[in-house]
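A.B. asks: The structure under discussion is supplied below as structure tokens; questions concerning it will follow.
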Amino acid sequence: MLPTRRWAALAGVACFLTVYAVVLDEPTPLLAACGLAAWLVVAQVDAVGTMRAVDRDLSASVSIEPTSVFVGDRAAVTLTASLSEAVDAPVEVELVAPPSVNAPERARRTVAFDPGETTGSVTCSIEFPVAGRIAFDEVAADIEGRAGFFTETVTLDVDARCLVEPPAPDGIHVGRGGELVGTTFGDHSSDQTGPGLVPHETRQYLPGDTLSQIDWKTTARMNHPYIREFESESDYLLSLVVDCGSHMNRGPTGRTMLSYAREVALGLVDAAESHGDPVSAQFVGDAAMEWEFGPSSSSNAYQTIRRRLLSIEPTASPRRPVDASRPVAPEDARKRSRLLGDDDSAFATTLRPYLRDGESYVSRVSDRPLFDAVKSACSRSDREDHLVLVTDDSAKVETYEAVVVASKRSSQTSVFLTPTTFFDDAADAADAGAAGDAAGFVAFEEFRARLERLPNVTAYEVAPKSAMELATTRATTAE
Amino acid sequence: METPVNQSERTIRTVLDANELTPMDAAGVLCFTLAVSLTNGLWGVAAGVLVLAAAAASDGPFAFVVAQLTAVSFFADAGLVALGSAQLAAFPLLAGAACGWPPDRALLVRLAAGYAVALGVAWALWTTLRWAWQAALVAAVLAALVAYGLHRYERVALGFVDAPEANR
């Protein structure tokens with residue numbers, strides 16, 4: 001119980017009258033002082049009664065919507081308080097915000113009961129800048145006595161929790177046609193033995209072999225010393241092309257397509273570093289190349305690319321649309337044109353103009369930054385290289401043509417595609433869109449399979465594990 | 001920052017309008033004026049006017065304090081009956097400040113009882129103890145003890161104090 005300034009003023013007057021009585025040696029000021037003291041005591045008794053009543057009758061609850069957010073998001077927190085019996089004193093119930101959240105000022109998270117009121121609620125918007133399980137487990141009720149001489153704060157236990165997740169993908173699926181890929185991306189064999197991790201063969205011990213090379217299990221089984229040889233890794237250029245256009249910003253905060261793409265790219269850089277492979281990186285925006293680096297195999301190079309990967313954000317301007325129809329390579333077009341020959345039928349006459357100008361088809365994508373980036377990445381080195389393209393399936397023509405170029409010019413091409421159908425807002429909406437999702441996934445899978453049919457190309461899907469499992473189930477059901 | 005209109009136009013009229021004289025205040029002024037004028041004539045009426053002005057100008061215990069200060073002049077060396085009647089006459093002024101209008105009857109009864117007990121204790125101390133400072137000191141200590149006791153009771157009643165601490 002804390003006295004207010006009003007109490008202090010009145011107590012001060014009573015003290016003055018007491019001293020005045022001593023100075024004058026008169027009883028009247030002392031009687032007046034005692035009269036004021038009686039008022040203060042009676043007000044205190046009244047305040048104690050009010051505080052006990054509020055402590056007994058007040059109940060509060062807190063609800064958070066949504067209960068799971070990402071770092072930096074906001075949630076609506078509602079405080080509802082009620083008194084089983086009205087009290088004749090002002091009561092304010094305040095939502096006590098944990099220190100790790102950004103809460104609005106006190107007035108906007110407080111339910112104020114005027115004398116006679118029994119229920120009230122307030123909803124405020126709270127920002128969560130720190131990850132973790134945030135608990136709202138307390139509300140504070142400020143009670144003021146009727147006379148305004150005393151205040152007290154009582155706390156009530158509530159139980160409301162919000163899970164604040166870090167802005168990082170959780171449960172990433174990298175696979176081919178819904179099947180998880182178990183191997184590490186970026187590993188490659190050289191058909192030569194030496195220091196390495198991939199077992200190559202076992203052979204009998206020969207003088208000069210070191211003790212550490214002995215395979216003790218085989219030795220025990222064969223009753224003769226055997227050694228195990230491993231494949232040595234080669235100097236193998238990793239050319240990383242990461243699409244960071246605005247279309248990669250689809251998805252909830254922290255779990256955008258780019259977040260998943262970033263995880264894959266980071267894994268590839270780690271793999272390259274562990275093998276000591278040189279690496280080059282190109283980050284492609286909507287309109288132009290955003291950043292390029294390498295090739296280099298210095299320890300700084302890996303760190304530089306890693307830092308840049310962690311800091312990239314999707315570019316702002318929307319991508320210029322490229323026809324998303326089923327693409328036909330110029331070579332195929334020319335072949336079909338030749339097949340038509342001198343056919344004078346109406347069908348051939350109508351079709352011929354569409355197949356005649358094969359070069360102009362490629363020119364539609366030749367000035368696109370992703371296509372350019374892949375082309376320039378392929379021409380950087382004449383040694384064995386591994387081109388990795390990390391993008392989505394929103395611009396199929398451009399992606400396909402880029403991969404065609406890569407398949408011809410690189411030793412190995414890997415394409416990591418994030419299916420847009422998993423990240424579209426419409427796809428998240430409701431189960432009503434299940435059929436649409438399944439159709440979207442089937443279309444994506446067709447595109448991925450089409451890419452894989454190109455020589456030296458492996459195409460993977462990169463997606464949230466839960467969405468992938470759901471889509472696989474739906475696609476199976478639809479079939 | 002903009003100054004509120006009611007503060008910038010602080011006149012006698014606005015102050016009187018803001019501090020409405022309640023029937024309790026009026027009764028207090030009337031009783032006090034009657035008590036003082038019966039013993040002191042016109043000077044008593046003048047004191048009553050002063051208290052009326054204080055009651056009209058403030059809504060707190062200011063009128064009660066002014067009444068007590070004027071009573072010091074009029075009731076020096078007065079007997080128990082005169083002092084008692086003056087204090088009784090001043091009580092409505094205190095009740096007006098404490099209970100407002102209309103007054104909460106239970107609160108008014110508690111205040112009256114407390115007032116009577118406080119005056120009784122003060123008078124007893126004044127007449128029993130030899131020096132004025134002794135009476136003043138004992139009265140102050142008693143008031144402080146009662147307030148502290150209520151404070152401790154409130155801490156225990158609201159569960160702010162654990163049992164071992166409460167027993168100490």
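Each reported figure results from applying straightforward, stated rules to the coordinates on display, with no laboratory input. Treat the numbers as computed from the prediction; the structure is a model and nothing was measured. A quick note on method: Cβ atoms are made from the backbone with ideal geometry, for glycine too, and the neighbour counts reach across all protein chains shown.
A.B. asks: In what sequence do A:Lys396, A:Lys375 fall when counting other Cβ within 10 Å, fewest first?
C.D. replies: A:Lys375, A:Lys396
A.B. asks: Apply the Karplus curve 6.51 cos²θ - 1.76 cosθ + 1.60, θ = phi - 60°, to the phi angles in segment B:126-142 and return the couplings in whole Hz, x for Gly and Pro.
C.D. replies: Coupling constants for segment B:126-142: 5, 7, 7, 7, 6, 10, 4, 5, 5, 4, 5, 5, 5, 4, 5, 5, 4 Hz.
A.B. asks: Summarise the partner chain shielding of A:149-155 as one whole number: the mean count of Cβ atoms from other chains within 10 Å of each residue's Cβ.
C.D. replies: What the average comes to for A:149-155 is 2.
A.B. asks: Based on alpha-carbon centroids, what's the gap between segment A:38-52 and segment B:89-105 in Å, whole number please?
C.D. replies: If you average the Cα positions of each part, the centres end up 16 Å apart.
A.B. asks: Moving to a separate point now. Efficiency by 1/(1 + (r/R0)^6): what FRET value for B:Ala27 and A:Val130, r their Cβ-Cβ distance, R0 = 56 Å, to the nearest 0.05?
C.D. replies: The pair B:Ala27/A:Val130 has a calculated efficiency of 0.35.
A.B. asks: For segment A:157-174, in order, what is each residue's ³J(HN,Hα) by Karplus, 6.51 cos²θ - 1.76 cosθ + 1.60 with θ = phi - 60°, in whole Hz (x at glycine and Pro)?
C.D. replies: Running phi through 6.51 cos²θ - 1.76 cosθ + 1.60 with θ = phi - 60° gives 7, 10, 9, 9, 10, 9, 8, 9, 9, x, x, 9, x, 10, x, 8, 10, 10 Hz.
A.B. asks: Using a Förster radius of 41 Å, what is the FRET efficiency between B:Thr127 and A:Val96 based on their Cβ-Cβ separation? Nearest 0.05, please.
C.D. replies: 0.15
A.B. asks: Then there is this: Filter the cross-link list A:Lys375/A:Lys396; A:Lys335/A:Lys375; A:Lys408/A:Lys465 down to pairs whose alpha-carbon distance in this structure exceeds 27 Å.
C.D. replies: A:Lys408/A:Lys465
A.B. asks: Under 1.5 on a/c is rounded, so check that first for segment B:5-125, then, if it is not, pick prolate when a/b is larger than b/c and oblate when it is not; a ≥ b ≥ c are the square roots of the alpha carbon gyration tensor eigenvalues.
C.D. replies: Oblate shape, in that a/c is at least 1.5 and b/c is the bigger or equal ratio.
A.B. asks: Give me A:His386, A:His275 sorted ascending by neighbouring Cβ count inside 10 Å, so fewest comes first.
C.D. replies: Taking fewest neighbouring Cβ atoms as first place, the list is A:His275, A:His386.
A.B. asks: Please rank A:Val241, A:Val154, A:Val54, fewest neighbouring Cβ atoms within 10 Å first, as an exposure proxy.
C.D. replies: Sorted ascending by nearby Cβ count, the order is A:Val154, A:Val54, A:Val241.
A.B. asks: List, in order, the whole-Hz ³J(HN,Hα) value for each residue of segment A:245-250 obtained from phi through the Karplus relation with A = 6.51, B = -1.76, C = 1.60 and θ = phi - 60°; use x for Gly and Pro.
C.D. replies: x, 4, 5, 7, 8, 5
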